[in-house]
Amino acid sequence: MEITPLHDEFAAQVSGCSLLDVVCDAAAYRQVREAFETHSVLVFRDQSITDEVQALFSRAFGPLELTKVGSVGAGTVYAHITNIGPDGQTVAPDDRLAKVVAANQLWHTDSSFKRLPALASMLGARIMPASGGETQFVSTRAAWRRLSDADRLALGDLVVEHSYAYSRERIDTTILTAAEREQLPAVRRRLTWLNPVNGERSLYLASHAGAVPSLPREQARALLAGLTDHATVPTSVYRHFWRQGDAVLWDNRATMHRGIPWPIVEPRHSIRTTISATAADGLASVLAD
Ligand code: OGA
Ligand code: MN
């Protein structure tokens, strides 16, 4: 197995190891798990990915989330990230699905708004457009390190409110369904997540983060926007250019990501499996409810 860094701050490609090797071989899992803890984003190329292989691989890292109400594939372990509607055609630009795609283009980490946050996500490419549609990543561990000592001291334990409504309403106040509003109340999280395996702290930020209970609304928004800008400076971005057969695993505790637009008339379909965080992943360090 070879682990090749893709960026100065984080992210690596894993070669000489298939997704199924990780499922079947305990030593391969241990090596990949160690690389995941270290590099935060792992790229696997030229895989023969089926939904089942993706779920088996993901399950090796922990329990899988069921996708939330209102998603394509709701209530299963497979979240469909797609602009293809139920009729098999790409949706119109004003369709709700197109707005959901647009909301995915805000910097975020997955499931920070859920009662149980996510350790990791794996995205497997199924249909990719000829151009555009890349995914960008940043390390919020590196962003934490780049803050001044004074900022780190002041911010480590700050409590932030995350809500699915905050991120969707940044795009359009009509995207959220009544069921989403009812079933996904805001949750409180600390601004940092401590990784118990290596003692590394990271900023826990997302488009879903919209308020700080101890601060007035405008001051909270300015703080969160400033930290997001700090974390996402262009030199800190790894941009993944998708090829058929790619699967990317990322650490939701220590990264943010966003989709990049593509011509919306072209189909794009990926499948995401999402792994819930457990006590062993440092969950207690981030919960503030
Ligand atoms: C996701 C996501 C971005 C993309 O699957 O969680 O944000 O480029 N995807 O598809
Ligand atoms: Mn996402």
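The values are calculated or read from the model by the stated rules, or taken from the named source; none is laboratory data. Note that the structure is predicted; figures quoted are calculated from it, not measured. Here Cβ is always computed from backbone atoms with ideal geometry, including for glycine, and neighbour counts include all displayed protein chains. Remember, those area values only see protein heavy atoms, side chains included, never the ligands or the DNA or RNA. Shrake-Rupley method; radii C 1.70, N 1.55, O 1.52, S 1.80 Å.
Assorted remarks:
- Near the amide H of THR192, within less than 5 Å, lie the amide hydrogens of TYR204, all on another chain or at least 5 residues away, with H placed in the peptide plane.
- Cα→Cβ-extended label distance, 7 Å offset, between ASP229 and ALA186, nm: 2.3
- With the helix formula -39500 (n - 2.57) applied to DSSP H stretches of n ≥ 4, the chain reaches a computed 222 nm mean residue ellipticity of -7500 deg cm²/dmol.
- Amide hydrogen proximity for ASN252: with H placed 1.01 Å from N in the peptide plane, the residues at 5 or more positions away or on another chain lying under 5 Å are ALA120, SER121.
- Counting only protein heavy atoms and a 1.4 Å probe, the stretch 2-285 has 42 square angstrom of accessible area per residue.
- Protein-only accessible surface at a 1.4 angstrom probe places the residues TYR164, TYR78 in the order TYR78, TYR164, largest first.
- Sequentially through the stretch 202-209, phi angles give Karplus couplings (6.51, -1.76, 1.60; θ = phi - 60°) of 9, 6, 10, 10, 5, 4, 6, 7 Hz, Gly and Pro residues having no value and appearing as x.
- The 1.4 Å probe gives accessible areas that order MET1, MET122, largest first, as MET1, MET122.
- Ligands, DNA and RNA left out, the accessible area of the chain computed with a 1.4 Å probe is 54% carbon and sulfur.
- In this structure, ARG96 and ALA279 have a Cβ-Cβ separation that, at R0 = 41 Å, corresponds to a calculated FRET efficiency of about 0.65.
- Of the listed residues LYS99, LYS68, the order by accessible area with a 1.4 Å probe, largest first, is LYS99, LYS68.
- The Rg/Rh ratio of the chain, with both radii computed over alpha carbons and Rh defined as the Kirkwood radius, is 0.94.
- Charge dipole of the chain about the Cα centre (unit charges at C-beta), most positive-ward option of TRP107, ALA55, ALA209: ALA209
- Descending by average beta-carbon neighbour count within 10 Å, the peptides 10-20, 208-218 line up as 10-20, 208-218, the highest first.
- Long-range HN-HN contacts of GLY133 with modeled amide H, under 5 Å: ILE260, TRP262
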